[in-house]
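Peer 1: The following block contains the structure, expressed as structure tokens.
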Amino acid sequence: MSAAVASGAWPPDRRAASTGTGLWTFMGVATALFTLFILAYAMRMDSGDWSPIAMPWQLWLSTALLVAGSLLLRRAAVAARSGHWAAVRMQLGAGGACALAFLGVQLWAWQVLQAAQVMPAGNPAASFFYLLTAMHGLHVIGGLAGWAVTARGVGRVAGPAFAWRVALCARYWHFLLGVWVVLFATLGWLTPEAVRWICGTG
């Protein structure tokens, strides 16, 4: 274990702290963006052309994969702080595989809906579903780009700075999971009646 990590210095230096702040800022902006789209979704629900869609069961599988990926990245971050690089390599790789599988299952869910003739045109509920899941998928792809850079360094780079990079990957994966849970709940269970009750107009 490195001296910086062992001494409890976390983040290990100013540059690492700046990177962490930058990630928080990005997640804050992304959260605001998703919030605006969710509000637009809720406001649109009361229109006459709104036709709710049933969530395909594949979304439960993709949720489980994202939970698993988040847990694995968290374990990788803990192992990196302890200097257990073999465990970091295994858990980081498995976490990335879960994210890739998540994207694959999301596309599968799209195919299931399209086979059932649930298309964006003519149904705003379907349009929002495809839009929100695509937006989230793009954020997952962005996370995978950072994950790939980090995964390449395992075994070649060590120390507190690299452990911090793994920790940032884990932080972003927790963010992706949180956003997805909110989106899934919104798309699957939010109703016009619930919106009116929340707004005090029902």
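No value in this document is a laboratory result; all are computed from the given coordinates. No experiment lies behind these values; they were computed from the predicted model shown. We place every Cβ from the backbone using ideal geometry, glycine too, and count neighbours over all the protein chains shown.
Peer 1: Based on DSSP H runs of at least 4 residues, each adding -39500 (n - 2.57), what is the mean residue ellipticity at 222 nm of the chain after dividing by all its residues, to the nearest 500 deg cm²/dmol? Provide the component values of the computation, followed by the final result.
Peer 2: Details: 7 runs with 159 residues, N = 202.
Taken over the chain, the calculation gives -27500 deg cm²/dmol.
Peer 1: So if R0 is 30 Å, what FRET efficiency would R14 and L138 give, r being the distance between their Cβ atoms, rounded to the nearest 0.05?
Peer 2: Values: r = 31 Å, r/R0 = 1.03.
The calculated FRET efficiency here is 0.45.
Peer 1: Residue by residue through segment 102-108, which ³J(HN,Hα) values in whole Hz follow from phi under the Karplus form 6.51 cos²θ - 1.76 cosθ + 1.60 (θ = phi - 60°), with glycine and proline marked x?
Peer 2: Result, ordered by residue: 4, 4, x, 5, 4, 5, 4 Hz.
Peer 1: Assigning unit charges at the beta carbon (Lys, Arg +1; Asp, Glu -1) and nothing else, what dipole magnitude in debye, to the nearest 20, does the chain show about its Cα centre? If you can, show how the numbers build up before the last one.
Peer 2: Details: 12 positive and 4 negative charges, 188 e Å.
Charge dipole, the chain, about its Cα centre: 900 debye, nearest 20.
Peer 1: Still on this structure: Simple spin-label model, 7 Å along Cα-to-Cβ: S82 to L36 in nm?
Peer 2: For S82 paired with L36, the spin-label model returns 4.3 nm.
Peer 1: Follow-up. Would you mind calculating the relative contact order of the chain from Cα pairs under 8 angstrom and at least 6 residues apart, reporting the percent as a whole number?
Peer 2: Details: 196 pairs, mean separation 67.3, N = 202.
The normalised contact order for the chain reaches 33 percent.
Peer 1: Using only Cα atoms, find the angle between the long axis of helix 124-153 and the longest principal axis of the chain, and express it within 0 to 90 degrees, rounded to the nearest 10.
Peer 2: 10 degrees
Peer 1: Follow-up question, since we're still on this one. Could you give each residue of segment 24-31 its phi-based ³J(HN,Hα) in whole Hz, using Karplus coefficients 6.51, -1.76, 1.60 with θ = phi - 60°, and x for Gly or Pro?
Peer 2: My calculation for segment 24-31 gives 4, 4, 4, 5, x, 5, 5, 4 Hz in order.
Peer 1: Using +1 at the C-beta of Lys and Arg and -1 at the C-beta of Asp and Glu, which of L177, V140, A97 has the Cα lying farthest in the positive direction of the dipole of the chain?
Peer 2: A97
Peer 1: If I model a spin label at F26 and R89 as a point 7 Å from the Cα along the Cα→Cβ vector, what separation in nanometres do I get?
Peer 2: Between F26 and R89, the simple spin-label model gives 2.6 nm.
Peer 1: Then there's this: Give me the distance in nm between label points sitting 7 Å out from Cα along the Cα-to-Cβ direction at Y130 and S47, one decimal.
Peer 2: 1.5 nm
Peer 1: Let me ask another. How far is helix 58-82 tilted off the main Cα axis of the chain, in degrees rounded to 10, range 0 to 90?
Peer 2: 20 degrees
Peer 1: Moving to a separate point now. Given 0.36 nm per residue, what is the gain on full extension from A64 to R152 after removing their alpha carbon distance, in nm? Before the final figure, lay out each step's value.
Peer 2: On the way: separation 88, 0.36 × 88 = 31.68 nm, distance 2.57 nm.
So the chain would gain 29.1 nm between A64 and R152.
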